[in-house]
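Laboratory data are not the source of any read-out in this text; all were calculated from the coordinates shown. Quantities reported herein were computed from a predicted structural model and do not represent experimental measurements. Cβ coordinates were reconstructed from backbone atoms using ideal geometry, including for glycine residues, and neighbour counts include every protein chain displayed.
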Amino acid sequence: MELHQLRYFVAVVEEGGFSRAAARMHVTQPSLSQQIAKLEQELGQPLLDRLPRGVIPTEAGRRFYERARRILAEVADAARCVTDSREPLQGRLVIGAIPTIAPALLPRLLSLFCSQHPAVEIEVVEDLTERLLQRLEEGGLDLALVSTVQVHTAIHAESLGFEPLGLLVPRHHPLTRRRQARWEDLKGEKALVLSELHCLGRQVHDLCKARHVRWQAWFQAAHLGTIIEMVAQGIGVSLVPWLFAPLAEARGCQLLPVAHPTPRREIQLLLHNLRYRTRAALAFNALTRQYTTELGWHPGSGD
């Protein structure tokens, strides 16, 4: 059994087919298929079901896939450990972020980081919290930016502080005449909210419930961008993170502060306790903490 066979097998499972896996691994399809067949022969059982419209792992294949991912992650971890002493700071940094953080926080952070460490190769993965956690556990991410999440002992969560939420309204909404909105103002409005697949959707629901606000949930969206566009058209209002203010204002909306108690959500940076932390990951961590402190996000300031 060889490492390239494991890489080919993982690619086939994740791509759902031999041709896409071969393109991903930059090899010919016959060569990749031959190596998978050798792997199955060595293990003494099929790992994949070849179906007319694609390929899916067998039960043995699913178990083998999880182990193969861990093995490849350990090998990559060992390589990072050996090469991390190079000067200047270089290597590869894979950053995960949820969709309600990535568009507003990452552009400025990445701009600052890349200007300081131009030799570091960066990949960004935007996904839901549960899938980011899985990729972090499997070694596919160096770190992840999420909102409050319960983690097990293998994952280390650092609080970056609490980001305020504001009431997003159309530019000519009557509430824009005020300096801030009140919780009771929400009760007569049509609510445009994120699906509860997103942690922000669940957080907004819980915040409103705690303030006894039962506003009419008129639309559930999969993306904040959809909500911003619909608010701009006067269809409803929403509670959104404050960092989205520039994006919202560019689309014809206005973000209003909400009177005490100000709605907030905690932002966390996740790292794997058992993985090697590269200097690039540590540098990004330090920069993120510095930047969020400048934004006024202080751990413990959620009240």
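Value of Rg to Rh for the chain, rounded to two decimals, is 1.05; Kirkwood radius and Rg both from alpha-carbon coordinates.
Count the DSSP beta bridges whose two residues both fall in the range 164-263, then state the antiparallel fraction as a percent rounded to the nearest 5.
Looking only at bridges with both residues in the range 164-263, the antiparallel portion is about 55 percent.
Share of antiparallel DSSP beta bridges in the chain, in percent to the nearest 5? So the antiparallel bridges in the chain amount to around 60 percent. For the range 164-263, what does the alpha-carbon gyration tensor say about shape, rounded, prolate or oblate, given a ≥ b ≥ c as the root eigenvalues, a/c under 1.5 as rounded, and a/b over b/c as prolate? The shape class here is rounded. When the chain is described by a simple charge dipole with +1 on each Lys and Arg Cβ and -1 on each Asp and Glu Cβ, the residue from Ser238, Gly91, Ala79 located farthest towards its positive end is Ser238. For the pair the range 167-234 / the range 104-158, the C-alpha centres are spaced 27 Å from each other. Mean sequence separation of contacting Cα pairs (under 8 Å, at least six apart), scaled by the length of the range 164-263, corresponds to a relative contact order of 50 percent.
Were the residues from Leu3 through Thr293 laid out at 0.36 nm apart, the gain over their Cα-Cα distance would be 100.1 nm. Note on the chain: GNM, Cα springs under 10 Å; of Arg182, Arg108, Arg135, the largest mean-square fluctuation is that of Arg108. Between Glu126 and Gln180, the modelled labels are 3.1 nm apart [label points 7 Å from Cα along Cα→Cβ]. Across the range 211-216, coupling constants 3J(HN,Hα) worked out from phi with the 6.51/-1.76/1.60 Karplus curve, θ = phi - 60°, read 9, 6, 9, 10, 7, 6 Hz, and Gly and Pro carry x. For the pair Arg50 and Thr28, a Förster radius of 25 Å applied to the C-beta separation gives a FRET efficiency near 0.90, rounded to the nearest 0.05.
Determine, from the Cβ-Cβ distance of Ala79 and Gln220 and an R0 of 41 Å, the FRET efficiency 1/(1 + (r/R0)^6), rounded to the nearest 0.05. So the FRET efficiency works out to roughly 0.40.
With neighbour counts taken as other beta-carbon atoms within 10 Å, the residues Phe64, Phe9 rank, fewest first, as Phe64, Phe9.
Springs between Cα atoms under 10 Å define the GNM used for the chain, and in it the highest mean-square fluctuation of Ser115, Ser147, Ser195 occurs at Ser115. Close amide H contacts of Leu93 (hydrogens built in the peptide plane, cut-off under 5 Å, sequence separation of 5 or more or a different chain): Glu121, Ile122, Glu123.
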